[in-house]
Amino acid sequence: MTSEHPFAPYVRILGKGKSGTRSLDFDEARDAFGMILRNEIEDLQLGAFLMLLRVKEETPEELAGFVQACRDHIGELPAIPVDLDWSSYAGKRNQHPWYLLSALLLADNGVRVFMHGTDGHTPGRAYAQACLAELGIDAATNFAEVAEQLDRRRFAFMPLAGLCPPLHRIVQLKPVLGLRSPVNTLTRMLNPLRASCSIQSVFHPNYAPLHSGADRLLGQPASLVFKGEAGEVEIKPHARTECLLLRDSEISQFTWPRSLEGKPEPVNLAAAAALRDCWRGDVDDHYGTLAVQHTAAVALTLLDAGQNPDGALALARDWWQQRDRDALG
């Protein structure tokens, strides 16, 4: 190759050294990631690009540009009403995936929840798609199925592999690279159906402002970001949780209080069976019940601008007591 590759300038921007390196602006990030999704780059360039961003640490402008590139690639979707966009990309290891019951509890009470996530990229973790299937809820394979499922039960899950195949392929590179990359962040902000409310979790608290900042640049009406259990959208009952709330371009912070003293013992294997038993009332799992109720409650503070935490928790508890115990397979 005698002429410079069209993607080379973006690698150079990020890797020119301490004095020459800078961040990408929104348009550069959008263009660069669009090239990646269209497979217009070399594999070597992709690895260099992702790891240079990892070392530098991405900015809200870069993340917003990446997300917009993904939305461009996905293209225009059917107008499907959704109240809450819920991302699930981390998987659970030490505790059961209680957040799934929180999402289903909201759906059981009229909230239209669209969840998207991966089918697994880290061994030993329980991911949403497999756990939902065990509960009798199959993943949607297209948006016609998403619309049908939302109309029928107000909940739908779609895997990233169906939503944006090139992005799914890049997510699967984590074991190859040995590190998370900006892709593991931007997937949480995709909100492909443009729900007015988006709830997201981070592994590390310092990433929360990046999420909120990128959401603001993308014009997201409302979003909630916090460090959830194992990186999933799940309140940890045994810890205080710092939450960042974006509403009408204003970002505020509040603390969700702990509800359990002491640290819970890890489970041997995170599994959906524990969720079914708890939902049906066959097993009284104190930790699980708290996780479900408090996660649903924090989501309610996002969905209803006038809802305070105490009122949201009281409502979530009431919904839990009145749940349809025969709803799960």
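Things to note:
- The phi-based Karplus calculation (6.51 cos²θ - 1.76 cosθ + 1.60; θ = phi - 60°) puts the 3J(HN,Hα) values of segment 148-159 at 5, 5, 5, 5, 7, 10, 6, 9, 8, 10, 10, x Hz, whole numbers, x for Gly and Pro.
- Net charge of neighbours whose Cβ lies under 10 Å from the Cβ of Ser23, counting Lys and Arg as +1 and Asp and Glu as -1: -4
- Here the relative contact order of the chain, from alpha carbon pairs under 8 Å that lie six or more residues apart, stands at 18 percent.
- In nm, spacing of pseudo-spin labels at Ala271 and Ala327 (7 Å Cα→C-beta vector): 2.4
- Panel order for Met35, Met115, by other beta carbons found within 10 Å of each beta carbon, from fewest to most: Met35, Met115.
- Annotation for segment 106-182 versus segment 238-265: alpha-carbon center distance of 25 Å.
- With the helix formula -39500 (n - 2.57) applied to DSSP H stretches of n ≥ 4, the chain reaches a computed 222 nm mean residue ellipticity of -13000 deg cm²/dmol.
- Charged neighbours of Gly213, selected by a Cβ distance under 11 Å, balance to -3 (K, R count +1; D, E count -1).
- Taking θ as phi - 60° and the Karplus parameters 6.51, -1.76 and 1.60, the scalar couplings of segment 27-41 work out to 5, 5, 5, 5, 5, 4, 6, x, 4, 4, 5, 8, 6, 9, 10 Hz in sequence order, x denoting glycine and proline.
- Look at Thr295, Thr255 and count the other Cβ atoms within 10 Å of each Cβ; fewest to most, that gives Thr255, Thr295.
- Distance-filtered residues of segment 20-49 - backbone nitrogen under 18 Å, label point 7 angstrom along Leu177 Cα→Cβ: 22-25, 29-49
- Segment 200-318 - Kirkwood radius from inverse mean 1/r over Cα pairs (Å): 15.2
- Approximate shape of segment 8-74 as ellipsoid semi-axes (Cα gyration tensor, √5λ), whole Å, largest first: 19, 14, 9
- Relative exposure of Leu313, Leu167, Leu101, judged by other C-beta atoms within 10 Å (fewest first): Leu313, Leu167, Leu101
- Exposed-site-free run, longest, the chain (rule: GluC sites (Glu not before Pro); DSSP loop; at most 15 other C-beta within 10 Å): 77-260
- Percent antiparallel among DSSP beta bridges (both partners in the chain, rounded to 5): 40
- Prolate/oblate/rounded call for segment 84-321, Cα gyration tensor, a/c under 1.5 rounded: rounded
- Pairs beyond 21 Å (Cα-Cα), from Lys92/Lys174; Lys56/Lys236; Lys18/Lys227; Lys18/Lys174: Lys56/Lys236; Lys18/Lys227; Lys18/Lys174
- Computed about its Cα centre, the charge dipole of segment 84-321 is approximately 640 debye, with only Lys, Arg, Asp and Glu carrying charge at their Cβ.
Every number in this text was worked out from the coordinates using simple rules, so none of it is lab data. None of these values were measured; they are calculated from a predicted model. A quick note on method: Cβ atoms are made from the backbone with ideal geometry, for glycine too, and the neighbour counts reach across all protein chains shown.
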